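Q: I'd like to ask some things about the structure below.
Just so it is clear, none of the values below were taken in a lab; they were calculated from the coordinates. On a predicted model such as this, the values are computed, not experimentally measured, just so you know. In this analysis, Cβ positions are derived from the backbone assuming ideal geometry, glycine residues included, and neighbour counts consider all displayed protein chains.
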Amino acid sequence: MKTNVTMATGRRKNSVARVRIMPGTGKIIVNKRPVLDYFKRETLQMIIEQPLEITETKGKFDVYANVHGGGLTGQAGAMRMGIARALQLDNAELRPVLKAAGFLTRDSRMTERKKYGQKKARKRFQFSKR
């Protein structure tokens, strides 16, 4: 008995999302909790559902994701990328739509490291001539 499960990984900042999609009723489970419990903010829920809405597959797939690292915004972005990659693997015809929306592109922006002799990455200690 073969189940039609598609797996993909998404990353953003320091967050990593391992996503599995399978045909179903449209439920989204994050770290064994419903998406409404894990991501309380509406904007984060909207970010996660974007690939499903743009490909008109919302309600056709169940999404299961394991997310770790970073903050909630980074995790939502990682999930969006993972869902988009999984949809593309499941149906190659969806690739142009997802690519045009920018969901398959890895956002390479990372936090800049703190340098010695400074308060933060760019902020300096106060300078006094005397």
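Q: To make sure I understand, if each residue's beta carbon is the centre and we count other beta carbons within 10 Å, what order do Thr25, Thr6 fall in, fewest to most? List each step's numbers first, then the result.
A: Values: Thr25 8, Thr6 17.
Lowest to highest Cβ neighbour count: Thr25, Thr6.
Q: Using amide H atoms built in the peptide plane, which far-off residues or other-chain residues are under 5 Å from Phe61 H to H?
A: Sorted by chain and number, the residues that satisfy this are Gly24, Gly26.
Q: On C-alpha positions alone, give me the angle between the axis of helix 42-54 and the longest principal axis of the chain, in degrees, nearest 10.
A: Tilt relative to the chain: about 50 degrees.
Q: Whole-Hz ³J(HN,Hα) for each residue in region 92-98, computed from phi via Karplus 6.51 cos²θ - 1.76 cosθ + 1.60 with θ = phi - 60°, x for glycine and proline: what do you get?
A: So the Karplus estimates, Gly and Pro as x, are 5, 5, 7, 4, x, 5, 5 Hz.
Q: I need the phi-derived Karplus couplings for region 111-124: 6.51 cos²θ - 1.76 cosθ + 1.60, θ = phi - 60°, integer Hz, Gly and Pro marked x.
A: Residue by residue, region 111-124 yields 5, 7, 6, 6, 9, 5, x, 9, 6, 9, 4, 10, 5, 9 Hz.
Q: When the Karplus curve 6.51 cos²θ - 1.76 cosθ + 1.60 is applied with θ = phi - 60°, which whole-Hz ³J(HN,Hα) does each residue of region 5-19 get, with x for Gly and Pro?
A: Once θ is set to phi - 60°, the couplings for region 5-19 become 10, 10, 10, 7, 10, x, 9, 7, 6, 9, 9, 10, 10, 9, 10 Hz.
Q: What does the net charge come to around Ile21 if you take all other residues with beta carbon closer than 14 Å to its beta carbon, with K and R at +1 and D and E at -1? Please report the intermediate quantities before stating the final value.
A: Values: positive: Arg18, Arg20, Lys27, Lys58, Lys60, Arg80, Arg85; negative: Glu49, Asp62, Asp90.
Result for the local shell: +4.
Q: Convex hull over the alpha-carbon atoms of region 6-101: what's its volume per residue in Å³?
A: Numbers: hull volume 7.7 nm³, N = 96.
With only Cα atoms used, region 6-101 gives 80 Å³ per residue.
Q: When you count, for each residue, the other Cβ atoms within 10 Å and take the mean per peptide, how do 99-106, 66-73, 113-120 rank with the highest first?
A: Values: 99-106: 13.6, 66-73: 15.4, 113-120: 8.9.
The packing order, highest mean first, is 66-73, 99-106, 113-120.
Q: Can you compute the modelled spin-label distance between Tyr116 and Asn14, with each label point 7 Å from Cα toward Cβ, in nm?
A: Calculated label separation equals 2.2 nm.
Q: Another question, then. Placing +1 on the Cβ of each Lys and Arg and -1 on the Cβ of each Asp and Glu in the chain, which of Phe125, Pro96, Gly24 has its Cα farthest towards the positive end of the resulting dipole?
A: Phe125
Q: Between 0 and 90 degrees, rounded to the nearest ten: what's the tilt of helix 72-90 against the longest Cα principal axis of the chain?
A: 40
Q: Still on this structure, I have one more. Restricting to Cα pairs below 8 Å that are 6+ residues apart, what does the relative contact order work out to for the chain? Please round to a whole percent. If you can, show how the numbers build up before the last one.
A: Working: 230 pairs, mean separation 40.0, N = 130.
Computed value for the chain: 31 percent relative contact order.
Q: Same structure again: In terms of Cα to Cα distance under 21 Å, which lysines are near enough to Lys115, apart from those fewer than 8 places away along the same chain?
A: Cross-link targets: Lys13, Lys123.
Q: Between region 102-122 and region 26-76, what's the alpha-carbon centroid distance in Å?
A: Between the Cα centre of region 102-122 and that of region 26-76, the gap is 25 Å.
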